[in-house]
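Remarks on the structure that follows.
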Amino acid sequence: MKMVLSRRWELILLGLALLLTACRASDEQKLEVEVSSDSPELTQDKRYKISWTMHLNEAVPEDAEMIRVLEEKFNVDLDIWNLENTNYEALLDLKLAQGEIPDLFRIRQSYDLLKYRNQHVLAEIPQGMLERYAPNLTRVIHAYAPGYMEYGRIEGKQYGIPVVNATNQYRVPVVYREDWLKELGLQPPATLAEFEKVMYAFTRDDPDRNGRHDTYGLSSEGMNVVFGAFGQMVFTEQLYFAEKDQRLVIGALEPEMKEALRYLQKWYRDGVIDPEFVTGENMGGYKHLSHAFIHGRVGMTSMGNYYHWVQAGDYNVVGDKGEEVPVEAAFNALELIRKNDKARITFGQPVTGPLGKSGSKAYDRLMSYTAIGAHAINEPGKLAKILEILDYVSANPDLEANMTMKYGIQGQHWKWAGPAKDDVVILPPFDKRVNYTNHIGANIGMMVPEPPKGRREKWASTLGLDKHGVYNALKVSLPSLNQYSPDLIKLRNKAYMSIITGDMPVDYFDVFVKAFMEAGGEQVLKEANHWYGSSSKE
C-alpha cells in the first residue's frame with residue numbers, strides 16, 4: 001500500500017509541475033513540453049495510421065506481407081507512398097502542394113533539409129526523443145559517424161536524422177572499354193597526357209573495327225575525371241565546395257578550371273568528345289546507366305557507382321546451396337554485354353594532371369535525411385511510435401530480426417549462407433526477381449553507417465576505389481544556397497558548355513565567374529565559410 005500511495009503522489013506532483021511549467025512557457029515552449037512528454041505507454045491502445053516514404057525502385061503492393069508483419073507487431077496501419085526514386089522530388093512536391101505531408105519524411109537530397117523546414121512541412125524532433133525511442137539508431141550514428149547528427153540541426157533544433165552511407169567511402173570508378181584498349185595496343189592511362197592520347201585513339205583509330213567513324217573518347221561524365229586532374233569537380237547535381245587555404249571555395253570557379261576547359265574545348269573541336277554530351281550519357285530509365293558507353297559511342301566513362309560495373313566473375317558470392325559461385329554481371333556491365341557479348345571493361349585510376357592532382361567524383365557519406373512530417377505531432381504518441389518503428393526496421397541489434405526487416409521471412413525469402421551467419425542467400429524465385437524487397441514490403445528503413453563488410457565492398461577496395469575521391473566539403477544546407485543554387489547551377493552549366501563547344505572563348509571563364517558571384521555566389525560563399533569557420537572550432 002505504501003508503494004501505491006507513493007506512486008500516486010509522484011503522479012500528482014508531476015502533473016502539478018507540468019501544469020506550472022506550461023503556464024509559464026511561451027508558445028514554442030508549450031509545443032516542446034507537449035511533444036517531449038509523448039509516451040507510447042499512454043496511448044498504446046491507439047492504432048495510428050502512418051504514411052511512410054522510402055527508397056523505391058518499384059511500387060510496394062497494398063497487401064505486401066512484410067508491411068502486414070509490421071502493422072501487426074506495432075498495432076499501426078502503414079501507408080507506403082509509392083514515389084518512384086528517379087522522380088521522387090517532383091512526386092513528393094506534388095503531394096505537398098495538395099496539402100499532404102508524409103509522417104515519415106524521406107529527404108533524398110541532403111541539401112533539401114532547409115528547404116522543407118522553411119516550407120513548414122517538417123516537425124522538430126525534441127531533444128531526447130531520438131535517444132529514448134530510437135536508441136539503436138542513435139547509437140550506431142554516434143559510433144560510426146560522430147558529429148553527423150549535428151548536420152540535421154537547424155538553428156539548434158533537430159529536423160533531420162542523417163542517413164550516412166558507409167559505402168560512399170568508395171568513389172565513382174573510371175571505366176574503359178578493355179577490348180578497345182587491347183585492339184589499339186593501349187593501357188589505361190595514368191596521366192592527363194596519356195589520357196589525351198587514348199581519347200584520340202578511341203576517336204580516330206576505329207577501335208570497334210566496323211570501318212565507320214562512329215566512336216568518341218568521352219562524354220559528360222568522363223569530363224569529371226579531367227576536372228579531377230586539376231583538383232576540382234564540376235558536372236554534378238549540386239555545387240561542389242573544396243577546402244583551400246583554410247577556407248571553402250566553389251570548385252567550378254577556381255582558376256585551374258580555365259586550363260581544364262582549354263583541354264576540353266580543343267578535344268571537342270577535334271571531335272574527341274561525343275557531340276551529344278550536352279544531353280548527358282543517360283537516355284532515360286535507370287539513371288546510373290551510361291547509354292553512350294553501353295551503345296559503343298564512347299570508350300570511357302565515370303558514371304554510376306562501383307556496383308553498377310560488376311562483371312561476371314569479378315568475385316564470388318554464395319549460391320543457394322551454400323557453395324561459392326561467380327557473381328553475375330550487373331547494371332552497366334550487364335547491359336553492355338547484352339548489347340555486345342564481346343565487349344569487356346577495365347578500371348583505371350583517376351589520371352594525374354600537370355600539378356600532380358587527381359580524383360574522380362565521390363558521393364558524400366551524408367546521403368540524405370529522414371525526418372518527421374509536420375502533422376505527425378498533432379496526435380499524442382504518434383511521433384514516439386514512428387521512431388520506434390524506424391529504430392526496429394533500421395538498426396535492430398537482433399541479427400535475425402535485422403535480416404528479416406531487410407530481406408523478408410527467413411526460410412521463405414532467404415536463409416543463412418552458413419553457420420557463421422555472415423552472409424545470406426536469397427531463395428528462389430526471389431533471387432531472380434529484381435527489386436523483390438519492394439514487392440514484399442521489406443527494407444523500408446533507413447541506411448545506417450555500420451562499416452561495410454560485404455564481398456562486393458571488399459572487391460571495391462581491391463580496385464583502389466577508397467582513394468582519390470573528390471568529396472563536397474560543404475555538409476549542410478544554407479539559406480543562400482537554398483535560394484540561389486538552382487540558378488547558379490544553370491549559370492555554371494551554360495557557361496561550361498558554351499566554352500567546351502567553342503561558342504565562347506576560354507577567357508569567357510572570367511566573365512562567368514564575375515556573373516556567378518553577382519548572381520548570389522558571393523553570399524553563398526560567405527555563408528559557407530561562416531559555417532566552415534564555426535564547425536572547425538567545435
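Assuming a ≥ b ≥ c are the square roots of the Cα gyration tensor eigenvalues, decide whether the stretch 347-470 counts as rounded (a/c under 1.5), prolate (otherwise, with a/b larger than b/c) or oblate. Oblate shape, in that a/c is at least 1.5 and b/c is the bigger or equal ratio. A full extension of the chain between residue 247 and residue 498 corresponds to an added length of 87.4 nm, given 0.36 nm per residue minus the alpha carbon distance. Note on the chain: the C-alpha convex hull projects to 29.5 nm² when averaged across all orientations. Modelled spin-label separation between residue 315 and residue 508, with each label point placed 7 Å from Cα along the Cα-to-Cβ direction: 4.5 nm.
Structure note, pairs 287/382; 46/157; 46/73; 115/467; 95/382; 266/526: Cα-Cα distances above 25 angstrom occur for 287/382; 46/157; 115/467; 266/526. Compared with the dominant Cα axis of the chain, that is its longest principal axis, helix 479-500 is turned about 10°.
Exposure proxy shown here: for 225, 325, 198, the number of other Cβ atoms within 10 Å sets the order, fewest to most, as 325, 198, 225. Estimated from the Cβ-Cβ distance and a Förster radius of 35 angstrom, the FRET efficiency linking residue 523 and residue 100 is about 0.55. Comparing the stretch 435-499 with the 2.2 N^0.38 Å rule of thumb, its C-alpha radius of gyration ratio is 1.77 (two decimals).
Here, each number is a calculation from the coordinates, and none is a lab measurement. Owing to the predicted nature of the structure, the values given are computational and were not obtained by experimental measurement. Cβ coordinates were reconstructed from backbone atoms using ideal geometry, including for glycine residues, and neighbour counts include every protein chain displayed.
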